[in-house]
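The values are calculated or read from the model by the stated rules, or taken from the named source; none is laboratory data. Treat the numbers as computed from the prediction; the structure is a model and nothing was measured. Glycine also receives a Cβ, built like all others from the backbone with ideal geometry; neighbour counts cover every protein chain displayed.
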Amino acid sequence: MRIMVINGPNLNLLGQREPGVYGHQTLAWIEDHLRGLGAGLGLEVECRQSNHEGELVDLVQRAGRECQGVVLNAGAYTHTSIALRDAVAGIATPVVEVHLSNPAAREPFRHVSYLSGVCAGCISGFGWQSYALALLWFARRTEGGPGPVVAEGQRI
Ligand code: DQA
């Protein structure tokens with residue numbers, strides 16, 4: 001099962017960008033961990049990042065053709081992009097919206113998500129582990145059993 005993890009604008013700066021809000025981990029570190037966690041769960045994890053709305057639309061469309069799941073942190077486009085919402089609505093592949101921070105506990109303009117209504121669900125507020133939890137959902141969903149099998153040594 002192939003999962004695309006898509007990160008939007010400014011998330012390439014994780015580690016240096018407002019670490020009090022987003023944590024100290026870099027995007028490269030998070031992506032490495034997700035690939036490792038995914039391998040332990042039987043998921044092939046492809047990670048992509050773009051600062052550009054149209055590129056994110058292209059990535060969602062490609063994931064719709066090539067992947068069985070999408071983990072999407074659209075950054076600020078979460079709160080502004082009808083184009084991205086339409087892209088998510090336009091694919092059959094389930095999309096989980098994730099955020100490192102908890103937008104509901106932040107400024108009012110972050111309380112609206114254009115994506116939530118077309119996503120399978122939303123996981124926010126758990127730092128990099130928001131992504132890990134989304135992967136666990138995909139793994140469990142396909143196993144249909146009591147819970148995901150996590151490889152020894154994997155941190156969740
Ligand atoms: C974010 C929350 C957004 O409001 C913000 O614009 C981001 C990051 C998060 O992961 O917490 O860029 O998506």
*So Gly69, is it surrounded by 21 or more Cβ atoms within 10 Å (Cβ to Cβ), under 17 Å from Trp137 (Cα atoms), at pLDDT 95 or above and touching a Phe, Trp or Tyr at 6+ places or on another chain (Cβ under 6 Å)*: yes
*Can you name the residue in segment 95-115 that is crowded, with 16+ Cβ neighbours inside 10 Å and over 10 Å from the mean Cα position of the chain (by Cα) and, of all such residues, is farthest from the ligand (Cβ to nearest atom)?*
Tyr114
*asked:* Contact list please: Cβ distance under 6 Å, first residue in segment 110-138 and within 18 Å of Gln49 (Cα to Cα), second residue part of a helix (DSSP H, G or I) and polar (S, T, N, Q), pairs at least six apart or on different chains.
replied: Leu115/Thr78
*Quick one: Leu43 ticks every box in (1) within 12 Å of Ile6 (Cα to Cα); (2) surrounded by 20 or more Cβ atoms within 10 Å (Cβ to Cβ) bar one, so which box is it?*
(1)
*Only residues that are touching a Phe, Trp or Tyr at 6+ places or on another chain (Cβ under 7 Å) and near the ligand (Cβ under 7 Å from one of its atoms): list them for segment 74-94, please.*
Thr78, His79
_Residues of segment 24-45 satisfying the condition of being within 13 Å of the chain's Cα centre (by Cα) and of a type in the set (A, V, I, L, M, F, W, C)_ = Leu27, Ile30, Leu34, Val45
*asked:* Which count do you get for residues in segment 10-34 that are crowded, with 18+ Cβ neighbours inside 10 Å and either charged (D, E, K, R) or free of Cβ contacts under 8 Å to residues at least 12 places away in the same chain (or both)?
replied: 1
*Where residues in segment 15-42 are away from the ligand (no atom under 12 Å from the Cβ) and among the aliphatic types (A, V, I, L, M), which of them is farthest from Ala134 (Cα to Cα)?*
Ala28
